[in-house]
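To keep things clear, I will list the structure first and then write my remarks on it.
The values are calculated or read from the model by the stated rules, or taken from the named source; none is laboratory data. Everything numeric in this text was worked out from a predicted model, so none of it was measured. Here the Cβ positions follow ideal geometry from the backbone for every residue, glycine too, while neighbour counts run over all protein chains shown. Just so you know, the surface numbers come from the protein's heavy atoms only, side chains and all, with ligands and any DNA or RNA stripped out. Shrake-Rupley method; radii C 1.70, N 1.55, O 1.52, S 1.80 Å.
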Amino acid sequence: MFSTSTQCKHWMFNSEEELNKLRENANLKHIQTYGRHINEAQRYDYFLTAEEEKIMVKRYEIRLRDFCKRFQPPMTRCVIGTAFHYFKRFYIHNSVMNHHPKEIMVTCIYLACKVEEFNVSIQQFVANLKGDREKATDIILNNELLLMEQLSFHLAIHNPFRPVEGLLIDIKTRCSLNDPERLRPGTEHFLERAFLTDVVLLYSPSQVALAAVLHAASKLQENLDSYVTDTLFGVDGRGKLEELIEAVRAIRSIVKMVDATPDRNQQKLLDKKLERCRNPENNPDSEIYKKRMQALLDEDDDLYQRISSRTDSLDNSALNMSVCASPEVA
C-alpha cells in the first residue's frame with residue numbers, strides 16, 4: 001500500500017518551495033566544497049546557480065522521456081515512471097555539477113528496467129545509445145550502486161498508472177459515461193506531462209491519477225463531478241472531498257504550466273558552463289577519474305592475486321596431507 005511505503009514516508013514533500021530549498025542546499029554545499037579558492041562574489045560566474053541546475057534537470061527529464069519512447073524493445077509505462085522517480089529523487093540532494101545528468105539519466109533508466117522486471121541485458125540497453133557503448137556500459141555500471149545509495153535503497157515505486165486503470169474500470173461499472181475508453185488518450189497525455197513536473201513528489205499516485213482522468217473528461221466536455229462526489233466518495237467520504245478537490249486543482253495547474261520546449265541557446269551556454277565547473281573526480285573524460293578507476297582496477301588485481309596465492313597454498317597443503325595420510329603400497 002502507498003500509505004505504508006517508503007515512497008510515502010521518505011519521498012513525499014509538502015510544497016514546491018520545500019523541494020526548491022533542498023535543491024538550493026545541494027547547490028550551495030557543492031559550491032562551498034569545491035569553490036573555496038574562488039572569490040565569493042565571482043562564484044556564480046564559474047558555478048551553476050540553483051535555478052540553472054533546475055533548468056538542466058528539466059531538460060534531461062525531456063531527454064529521458066524521449067529516450068524511453070524510442071527504446072527497443074518498447075518499454076512499459078511503469079519502467080518510464082520509475083526512472084522519472086529515481087532521476088527526480090537523485091537531484092533533490094545532489095548537484096548536477098557533481099554528477100552529470102546525462103550519466104545519471106541512463107543509470108536511472110537501466111535500474112528501473114531491473115526493478116520493474118523489464119528484462120534487457122546491459123548489451124541490449126546500450127545498443128539504444130549513440131556513441132561509445134563500451135564507455136556507456138562502464139558509466140552505467142559504475143554509477144548503479146551510487147544511485148541506489150542516494151535513493152537510500154528505496155527502489156519500490158507506486159506509479160499513477162494502476163490507479164488510472166482502477167478508475168476507468170470503476171467508471172465503466174458505476175458511471176453512466178458513454179464509452180469511458182475515450183478518456184484514455186487524454187489521461188495518458190496528462191500523465192506524460194505530469195512526469196515533467198514535481199507533482200509525483202507532492203501528491204499521491206491516486207490523486208495524480210484522478211486529476212488525469214478528470215482533465216481528460218473536461219477536454220471531451222464531459223462532467224464527472226457527480227461521479228466523484230456521489231459515487232466515488234459517497235456520504236462517508238465527504239470529509240476528505242474538499243482536500244481532494246484542492247489537490248486535483250493544484251495538480252492540473254502545475255501540469256498546465258509545463259514548458260517542454262527549452263531554449264536551445266540557453267542549453268548551449270549551460271552545457272559549456274557545466275563542462276567547465278563539473279567535478280573532475282566524477283567526469284569519465286578527466287585524467288583524475290581515469291587514474292582513480294585504474295587504481296581501483298589495480299587494487300582488484302592485487303586482491304585477486306592474493307586470493308589466488310592463498311587458494312593455491314591451501315590446495316597444496318591439503319594435497320600434502322592427503323599424500324601423507326595414504327597407506328603405503330607394497
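Couple of notes before you dig in:
Listed here are the residues, each with its yes/no results for (1) of a type outside the set (A, V, I, L, M); (2) open to solvent by 100 Å² or more (accessible area, probe 1.4 Å); (3) modelled with pLDDT of 70 or more.
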| position | (1), (2), (3) |
| --- | --- |
| Leu241 | no, no, yes |
| Ile254 | no, no, yes |
| Arg278 | yes, no, yes |
| Pro284 | yes, no, yes |
| Tyr289 | yes, no, no |
| Glu299 | yes, yes, no |
| Asp302 | yes, no, no |
| Arg310 | yes, yes, yes |
| Leu319 | no, yes, no |
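- Qualifying residue in the stretch 158-166 (condition: open to solvent by less than 70 Å² (accessible area, probe 1.4 Å), touching a residue at least 40 places away in the same chain (Cβ under 8 Å), touching a Cys at 6+ places or on another chain (Cβ under 7 Å) and outside any helix (DSSP H, G or I)): yes
- Contacts under 7 angstrom Cβ, first residue in the stretch 8-23 being within 18 Å of Phe84 (Cα to Cα), partner open to solvent by 40 Å² or more (accessible area, probe 1.4 Å) and in a loop (DSSP other than H, G, I, E, B), 6 or more apart: His10/Ser152
- For first residues located in the stretch 117-138 and farther than 18 Å from Pro73 by Cβ and without any contact (Cβ under 8 Å) to a residue 60 or more places away in the chain, partners that are surrounded by fewer than 15 Cβ atoms within 10 Å (Cβ to Cβ) and polar (S, T, N, Q) and lie 6+ apart or on another chain with Cβ distances below 8 Å form the pairs Thr137/Gln123.
- Unique match (being open to solvent by 10 Å² or more (accessible area, probe 1.4 Å), within 19 Å of Asp198 (Cβ to Cβ), at pLDDT 95 or above and basic (Lys, Arg)) among Arg63, Arg77, Arg70: Arg63
- Some residue of the stretch 172-189 being small (Gly, Ala, Ser), touching a residue at least 60 places away in the same chain (Cβ under 8 Å) and not in a helix (DSSP H, G or I): no
- Screening Ile31 against (1) more than 24 Å from Ala209 (Cβ to Cβ); (2) surrounded by fewer than 18 Cβ atoms within 10 Å (Cβ to Cβ) leaves a single unmet condition, (2).
- Residues that are among the aliphatic types (A, V, I, L, M) and under 19 Å from Ile104 (Cβ atoms) within the stretch 32-61 comprise Leu48, Ala50, Ile55, Met56, Val57, listed in sequence order.
- In the condition set (1) in a helix (DSSP H, G or I); (2) surrounded by 12 or more Cβ atoms within 10 Å (Cβ to Cβ), Ser226 is compliant with all but (2).
- Number of residues in the stretch 38-49 that are surrounded by fewer than 20 Cβ atoms within 10 Å (Cβ to Cβ) and either closer than 16 Å to Glu281 by Cβ or β-branched (Val, Ile, Thr) (or both): the value is 2.
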